[in-house]
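*Asks:* Before we start, here is the structure in question, set down as structure tokens.
The values are calculated or read from the model by the stated rules, or taken from the named source; none is laboratory data. Predicted model, so just to flag it, every value in this text is computed and none were measured. We place every Cβ from the backbone using ideal geometry, glycine too, and count neighbours over all the protein chains shown.
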Amino acid sequence: MNGSMLDWPLTLDRILVHAERWHPDQAVVGVASDGGMQRRTYAECADRARRLSAALLAHGIGPGDRVATLGWNTLPHFEAWYAIMGIGAVCHTLNLRMDATQLAWIARDAGDRLLLVDPALLPVAEAVRALCPAIEEVIVLGAGTDALVAAHEPARWGGFGEDQPAGLCYTSGTTGDPKGVLYTHRSNFLHTLAIVQPDLFGIGAADSVLPIVPMFHANAWGITFAAPAVGAKLVLPGARLDGASVHRLIAEEGVTMSAAVPTVWQGLLDHLDHAGGGLAPLRRVVIGGSACPPSMQRRLADHYGVEVRHAWGMTELSPLGTVAAPSAASAALPPEEARRLLQSQGRPPLGVDLRVISDDPAAGPDAPGRLFARGYATVGRYFGKDAPATDAEGWFETGDVAVIDHGFLHITDRDKDVVKSGGEWISSQGLEAIAAEHPAVAHCAVIAADCDRWGERPLLVVQLREGEDCSDASLLEAFDGAVPRWWVPDGIVRVGAMPLGATGKIDKRALRAAYRGHLRAS
Ligand code: ADP
């Protein structure tokens, strides 16, 4: 028997149409590539996006065709996103931190037909096009799209099914070639409904939301869908993600909620240390993409009154997997224990199943093991591949090592970052959380260094705060009593600046390449 409800496909064009109808005057603002501020409303964005859709149709772009974008979070990029998805084409957000050769490889793999590019990145786009002749045209976001908007009447959106592909993101390829994840309208629509919930990102119409996480990093974690979905003000930061620029934007645009990887928040905290000032009206930040050090959570909460929601996810999960949010149970715990739970990666929302499987068959349910996920917004198979990305029951292996404790997920490491010392595992993230407590440390990472006796031993790499200095003994003191003696790093390397990967996280692969032999050499 069939149900008798209306057939109403969950397509993403409806999000901007909803904002246009019910929150027409709500502001969408963005820092342009020349540093100036652009201001529009949801009604204006929707109208402009429909006109851009008409231009894409006139070019011959149709449902399922891939249109690439290469840009920061800006107003023209936001409009292009909806213009592409609204006609059933696929918006492929390229990662601007990759070089032209990598981008061309990805654009070829994706079969991109057009490339919409931020003016500042035009030389890279031209280099990509030279390597990838299948790209028919490069259009500049801003000048180029403005001209197309002016020359076309609005197109009609929708008219396709909810399983139509909408967006394409590639993993950054830390292991092997990058792999494409092709989101559908339905998966992103449901993901949007999930993340606005109070126990997840908690976004409402009274919020002013600043997605610092780029649109090319798993759809800005869904925020460029979520803000219009609830009618929140949307603040797009453009290319300037340094502490001073983010601080200014928060104050000037009344930002109440924001999201980014830990390195961005570290930049903001460092700036505040020197420049002074507060973070009002910022109420809540989502920190994820890599582990948020407890010291960072404490500084934001205790000094600046900002609630931290620690989130874990990945491109293959659209990206949200879990968020740590207070509950009746955590409120009943002694404050220190409650804090520890909220420093974990949290719990999944409805629609994300998780399980941890230990390689030790005798281990109990709380033992650490390999983390698997499945759900409506989990990848089933990578773009262009026939083989499933999951096992026969639909479980996707995340590549993370985790433990579930009191119903909260604790990621202990990425599989490839674990330090295997004499057959035992040492959690690099556990050691980093401790090293980050040292007041002189700006950024830190623990990597596995080769060791003749134990196979691998932990090596601590630190970037000290500007103007700070401290001895190795003082850095190692924090580990005393906090971890077993054999976990304590065998060496320390100081770097002037941490290498960052394509999504702004500390690039441990680069550190391993540089320092894997450090203990042998010293
Ligand atoms: P990239 O490969 O560019 O890092 P993703 O953003 O998809 O792409 O990375 C997902 C991975 O990031 C996860 O598998 C996990 O290892 C790590 N990660 C994400 N959030 C957290 C977190 N809160 N704590 C620890 N690790 C995290």
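*Asks:* Could you list, ordered by first residue, the pairs with Cβ atoms under 6 Å in which the first is in region 269-295 and in a helix (DSSP H, G or I) and the second is acidic (Asp, Glu), at least 6 apart or interchain?
*Replies:* Ser295/Glu437
Okay, residues lined up against (1) of a type outside the set (A, V, I, L, M, F, W, C); (2) in contact with a helix residue (DSSP H, G or I) (Cβ under 8 Å, 6 or more places away or on another chain):
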| position | (1), (2) |
| --- | --- |
| Thr69 | yes, yes |
| Met85 | no, yes |
| Cys91 | no, yes |
| Leu122 | no, no |
| Glu126 | yes, no |
| Ala134 | no, yes |
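*Asks:* Turning to a different aspect of this structure: How many residues are assigned to a loop (DSSP other than H, G, I, E, B), out of contact with any helix residue (DSSP H, G or I) (no Cβ under 8 Å at 6 or more places or on another chain) and either hydroxyl-bearing (Ser, Thr, Tyr) or under 20 Å from Gly222 (Cα atoms) (or both) if we restrict to region 243-259?
*Replies:* Total meeting the criteria: 1.
*Asks:* Taking Val418, is it within 30 Å of Thr378 (Cβ to Cβ) and touching a Pro at 6+ places or on another chain (Cβ under 6 Å)?
*Replies:* Answer is no for this residue.
*Asks:* List the residue pairs whose Cβ atoms are under 7 Å apart, where the first residue sits in region 409-421 and is free of Cβ contacts under 8 Å to residues at least 24 places away in the same chain and closer than 15 Å to Ile357 by Cβ, the second is within 9 Å of the ligand (Cβ to nearest atom) and part of a strand (DSSP E or B), and the two are 6 or more positions apart or on different chains.
*Replies:* So the pair list comes out empty.
*Asks:* Okay, moving on. Restricting the search to region 93-113, which residues are touching a helix residue (DSSP H, G or I) at 6+ places or on another chain (Cβ under 7 Å) and not in a helix (DSSP H, G or I)?
*Replies:* Leu94, Leu96
*Asks:* Is it the case, given these coordinates, that Arg39 is in the same structural domain as Asp146 (by TED's automatic domain parsing), surrounded by fewer than 16 Cβ atoms within 10 Å (Cβ to Cβ) and of a type outside the set (Val, Ile, Thr)?
*Replies:* It is true that Arg39 is in the same structural domain as Asp146 (by TED's automatic domain parsing), surrounded by fewer than 16 Cβ atoms within 10 Å (Cβ to Cβ) and of a type outside the set (Val, Ile, Thr).
*Asks:* Output yes when any residue across region 386-403 is part of a strand (DSSP E or B), out of contact with any Asp or Glu (no Cβ under 9 Å at 6 or more places or on another chain) and on the phi < 0 side of the Ramachandran plot, and no when none is.
*Replies:* Looking through region 386-403, none of the residues is part of a strand (DSSP E or B), out of contact with any Asp or Glu (no Cβ under 9 Å at 6 or more places or on another chain) and on the phi < 0 side of the Ramachandran plot.
*Asks:* Can you tell me which of (1) touching a residue at least 40 places away in the same chain (Cβ under 8 Å); (2) within 16 Å of the ligand (Cβ to nearest atom) is the one Leu234 doesn't meet?
*Replies:* Failing condition for Leu234: (2).
Matching residues to (1) surrounded by fewer than 22 Cβ atoms within 10 Å (Cβ to Cβ); (2) within 25 Å of Val308 (Cβ to Cβ); (3) at pLDDT below 95; (4) assigned by TED's automatic domain parsing to the domain that holds Gly86:
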| residue | (1), (2), (3), (4) |
| --- | --- |
| Asp163 | yes, no, no, yes |
| Gly176 | yes, no, yes, yes |
| Leu234 | no, yes, no, no |
| Asp242 | yes, yes, no, no |
| His247 | yes, yes, no, no |
| Gly254 | yes, yes, no, no |
| Ala259 | no, yes, no, no |
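*Asks:* For region 178-189, which residues satisfy the criterion of being among the hydrophobic types (A, V, I, L, M, F, W, C) and either under 12 Å from Thr11 (Cβ atoms) or surrounded by fewer than 19 Cβ atoms within 10 Å (Cβ to Cβ) (or both)?
*Replies:* Phe189
*Asks:* Now a separate question. Just to check your reading of the model, which residue among Ala58, Ala27, Ala54 is at pLDDT 95 or above and exposed (fewer than 13 other Cβ atoms within 10 Å of the Cβ)?
*Replies:* After ruling out the rest, the residue left standing is Ala58.
*Asks:* From the set of residues in region 306-328 that are small (Gly, Ala, Ser) and touching a Gly at 6+ places or on another chain (Cβ under 8 Å), which is surrounded by the fewest Cβ atoms within 10 Å (Cβ to Cβ)?
*Replies:* Ranking the candidates gives Ala325 first.
*Asks:* Taking the options Pro214, Pro198, name whichever one is farther than 18 Å from Thr398 by Cα, within 14 Å of the ligand (Cβ to nearest atom), in contact with a Gly (Cβ under 9 Å, 6 or more places away or on another chain) and outside any strand (DSSP E or B).
*Replies:* Pro214
*Asks:* Still on this structure, please answer the following. Take Glu162 and tell me if it is in contact with a Pro (Cβ under 7 Å, 6 or more places away or on another chain) and either within 13 Å of the ligand (Cβ to nearest atom) or closer than 26 Å to Ala55 by Cβ (or both).
*Replies:* For Glu162, the condition - in contact with a Pro (Cβ under 7 Å, 6 or more places away or on another chain) and either within 13 Å of the ligand (Cβ to nearest atom) or closer than 26 Å to Ala55 by Cβ (or both) - is met.
*Asks:* From the set of residues in region 480-515 that are surrounded by fewer than 17 Cβ atoms within 10 Å (Cβ to Cβ) and under 18 Å from the mean Cα position of the chain (by Cα), which is nearest to the ligand (Cβ to nearest atom)?
*Replies:* Per the stated criteria, the residue is Leu500.
Yes or no, residue by residue, for (1) more than 15 Å from the ligand (Cβ to nearest atom); (2) not acidic (Asp, Glu):
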{"position": "Glu307", "(1), (2)": "yes, no"}
{"position": "Leu320", "(1), (2)": "no, yes"}
{"position": "Ser327", "(1), (2)": "yes, yes"}
{"position": "Leu342", "(1), (2)": "no, yes"}
{"position": "Arg347", "(1), (2)": "no, yes"}
{"position": "Leu354", "(1), (2)": "no, yes"}
{"position": "Asp360", "(1), (2)": "yes, no"}
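*Asks:* Determine whether region 351-359 contains at least one residue that is crowded, with 22+ Cβ neighbours inside 10 Å, outside the structural domain of Ser474 (by TED's automatic domain parsing) and outside any strand (DSSP E or B).
*Replies:* No, that holds for no residue.
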